[in-house]
Amino acid sequence: MFKQSVIFSAFALLGLAPAAAADLSVRVAGIKPGKGPLFVSVQKREDFMSDRSSHARKIDAPAAGDQVVVFPNVAPGTYAVSVWQDSDGNGQFSTTPEGMPTDGWAMTNAERLRGEPKFDQVSTEIGSRAVALTLPMQYYATPAR
């Protein structure tokens, strides 16, 4: 224990102390009623657009309107934050035959996307201070009934 304290103190004196984790607050704005859950995911580059994530939350019955999800102690780094609402409750991301989403979704900088998102387009930096993001839900196509 003494040795670790001495090493940490030496790093701190040199300005090399490990960066502190920060809280990430994600306000998901404009949620519409749906049949399925809402998923909020925080992903590093290597996990982007996969089932893996650094932090994730599932909201089983999201209310219409806005929902705030807080991820405490997110390590400093570059992350993509994404939201998927399983609007039709079928357990998969649904699209039209033309590829337009019928489920609700949100990502950082989504309003600028004109095709499949790339990590660098939708990523954000998390440092040692709390970060608050607002992600407006996107609803492009209504599923045929």
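Side notes on the structure shown:
- Residue match in region 108-130 (condition: in contact with a helix residue (DSSP H, G or I) (Cβ under 6 Å, 6 or more places away or on another chain), modelled with pLDDT under 90 and not in a helix (DSSP H, G or I)): yes
- Of all residue pairs spaced 6 or more apart or on separate chains, those with beta-carbon atoms under 6 Å, a first member in region 112-128 that is under 20 Å from Gly99 (Cα atoms) and a second member that is surrounded by 13 or more Cβ atoms within 10 Å (Cβ to Cβ) and aromatic (Phe, Trp, Tyr) are Phe119/Phe48.
- Annotation note: Cβ proximity below 6 Å between a residue of region 61-78 that is touching a residue at least 40 places away in the same chain (Cβ under 8 Å) and a residue that is open to solvent by less than 20 Å² (accessible area, probe 1.4 Å) and among the small types (Gly, Ala, Ser) (sequence gap 6+ or interchain) occurs for Val74/Ala22.
- Failed item in (1) open to solvent by 70 Å² or more (accessible area, probe 1.4 Å); (2) outside any loop (DSSP other than H, G, I, E, B); (3) touching an Asp or Glu at 6+ places or on another chain (Cβ under 6 Å), with Thr78 passing the rest: (1)
- Boolean, Glu98 is open to solvent by 30 Å² or more (accessible area, probe 1.4 Å), more than 18 Å from the chain's Cα centre (by Cα) and of a type outside the set (Lys, Arg): yes
- When each of Gly91, Gly34 is tested for being outside any strand (DSSP E or B) and touching a residue at least 60 places away in the same chain (Cβ under 8 Å), the lone residue that passes is Gly34.
- Residue that is over 18 Å from Asp23 (Cα atoms) and within 16 Å of the chain's Cα centre (by Cα), where the choices are Asp60, Asp120, Asp88: Asp120
- Qualifying residue in region 63-70 (condition: part of a loop (DSSP other than H, G, I, E, B) and either at pLDDT below 95 or open to solvent by 50 Å² or more (accessible area, probe 1.4 Å) (or both)): yes
- Qualifying positions in region 123-141 - touching a Ser or Thr at 6+ places or on another chain (Cβ under 7 Å) and closer than 25 Å to Pro33 by Cα: Ala132, Leu133, Leu135, Ala141
The values are calculated or read from the model by the stated rules, or taken from the named source; none is laboratory data. Remember, predicted model here, so these are calculated numbers, not experimental data. Virtual Cβ from ideal backbone geometry, glycine too; neighbours counted across all protein chains shown. What goes into the accessible areas is simple: the full protein's heavy atoms, side chains included, and nothing from ligands, DNA or RNA. Shrake-Rupley method; radii C 1.70, N 1.55, O 1.52, S 1.80 Å.
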